[in-house]
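**Student:** There's a structure below that I have some questions on.
Please treat every number below as a calculation from the coordinates, not as lab data. Remember, predicted model here, so these are calculated numbers, not experimental data. FYI the Cβ positions are ideal-geometry reconstructions off the backbone, even for glycines, and counts take in every protein chain you see.
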Amino acid sequence: MGIISNSLVKVSYSFLPIRIRSGDPTLKAAILTYHSQNIAGNDTTNNDHKALAADLHELHGAGYRFVSLPSLVGSLFDGGPIEKNPQTGQPVVCLTFDDGCDYDVRTLEFAGFGMQAGFLSILEDFVQQHGKQAQPGLQATSFVIASPQARQIIDRGSLFGQGHLSDDWWRAAAHHPLLDIGNHGWDHNHPDLVAGQYPRGGFTTIETIEHCRQQVVQAGAFINDKTGQWPQVFAYPFGESSHYIRAEFFPEYGREHHCLAALGTRPGLASARSNRWNLPRFVCGRDWSSPTELLATLGF
Ligand SMILES: [Zn+2]
């Protein structure tokens, strides 16, 4: 009997460090996704810049707290601290920008629709208007595509070929208090790219260790070289992922990829019960097209 009891005690002690590091079960988060190249007009319904500016003000006015993605992931899964709003039970809000176009950080002309304020200047305007302490956790993660050659081809095929997928701003963004740089893969496995060693056109095809290493680890090393910081979070291109990358590569190869979490684009709130290797996100334009719709989507 004594031996059994002792062995049970031993077993429970061996799990103790995991319990201590578990996340906050009451925390819920809405991870929002914007694409700075999504411009087909000048309204919140067809322009992610107008949407971001309007959503920031509306969410702030409705009492939502913004938090950075790394601090959210740390709090959900590893017991890190986070500022939330316990009175209302509202989810905290994280901002993410996908594809890393220069429109994330630069105010540029967008053909047919005039000058567009960069996402960064929209965040800076918000801080200037409301003060730094209004939303101390406000920080967006910009998910960039690593391969310079792939960015050049995607820029020519899917943008205007004006070099608006550059990487000369990544280092400043990684060190800016309102921005962080995340990993959006080596080449997005984009259909504009010529077929090579691997099948093209989606991210469900990333099913081998070699292909995962190229898309995640090689990309992480390139981004680290440019910014001085290894990207902490991966966003699956197209929101797609294979069972292998979710269930084997990310959980088993942490020493290679050094990521805290990976994001998909299935709509929903993230919580400690979510799969940290496929966290849900809401996508602007797909899941909401006005601040009112966004508030309704978040349930408050
Ligand atoms: Zn993308």
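**Student:** Magnitude of the Cβ-charge dipole of the chain, K/R +1 and D/E -1, about the Cα centre, nearest 20 debye? Please report the intermediate quantities before stating the final value.
**Tutor:** Values: 22 positive and 29 negative charges, 211 e Å.
Result for the chain is approximately 1020 debye, rounded to the nearest 20.
**Student:** What's the angle, to the nearest 10 degrees (0 to 90), between helix 69-78's Cα axis and the longest principal axis of the chain?
**Tutor:** Value to nearest ten degrees: 10.
**Student:** Which of Q232, S271, A140 sits farthest toward the positive end of the charge dipole of the chain, with +1 on the Cβ of Lys and Arg and -1 on the Cβ of Asp and Glu?
**Tutor:** It is S271, whose Cα lies furthest towards the positive end.
**Student:** Here's something else I'd like to know. Say each of D225 and A172 gets a label point 7 Å from the Cα, pointing the same way as Cα to Cβ; how far apart are those two points in nm?
**Tutor:** Between D225 and A172, the label points sit 2.3 nm apart.
**Student:** Further, regarding this structure: Which of G182, G114, G137 moves the most in a Gaussian network model of the chain with Cα springs under 10 Å?
**Tutor:** Answer for the Gaussian network model of the chain: G114.
**Student:** For the stretch 2-298, calculate the relative contact order in percent as a whole number, restricting contacts to Cα pairs under 8 Å that are 6 or more residues apart. The partial results should precede the final answer.
**Tutor:** On the way: 568 pairs, mean separation 60.9, N = 297.
Over the stretch 2-298, the number comes to 21 percent.
**Student:** Would you mind working out the magnitude of the charge dipole of the stretch 76-189 relative to its Cα centre, with +1 at each Lys and Arg C-beta and -1 at each Asp and Glu C-beta, to the nearest 20 Debye? Before the final figure, lay out the partial values.
**Tutor:** On the way: 6 positive and 14 negative charges, 29 e Å.
Its charge dipole is roughly 140 debye.
**Student:** Could you check which residue among L260, L95, L108 shows the biggest mean-square fluctuation in a GNM of the chain with a 10 Å Cα cutoff?
**Tutor:** L108
**Student:** Are there chymotrypsin sites (Phe, Trp or Tyr not before Pro) in the stretch 87-135 that DSSP puts in a loop and that have at most 15 other Cβ atoms within 10 Å, and which ones?
**Tutor:** Details: sites: F97, Y103, F110, F113, F119, F126; in loops: F113.
Qualifying residues, ordered by number: F113.
**Student:** Student exercise: in the chain, how many lysine pairs 8 or more apart or on different chains have Cα atoms under 28 Å apart?
**Tutor:** Details: K28/K50; K28/K84; K28/K132; K50/K84; K50/K132; K84/K132.
The number of close lysine pairs in the chain is 6.
**Student:** A follow-up question, please. Name the residue, out of P280, P136, P91, whose mean-square fluctuation peaks in a Gaussian network model built on the chain with Cα pairs under 10 Å.
**Tutor:** P136
**Student:** For the chain, what does the helix formula give at 222 nm: sum of -39500 (n - 2.57) over DSSP H segments with n ≥ 4, over the residue count, nearest 500 deg cm²/dmol? Mind showing how you got there, number by number?
**Tutor:** Numbers: 10 runs with 96 residues, N = 300.
Counting only the DSSP helices, I get -9500 deg cm²/dmol.
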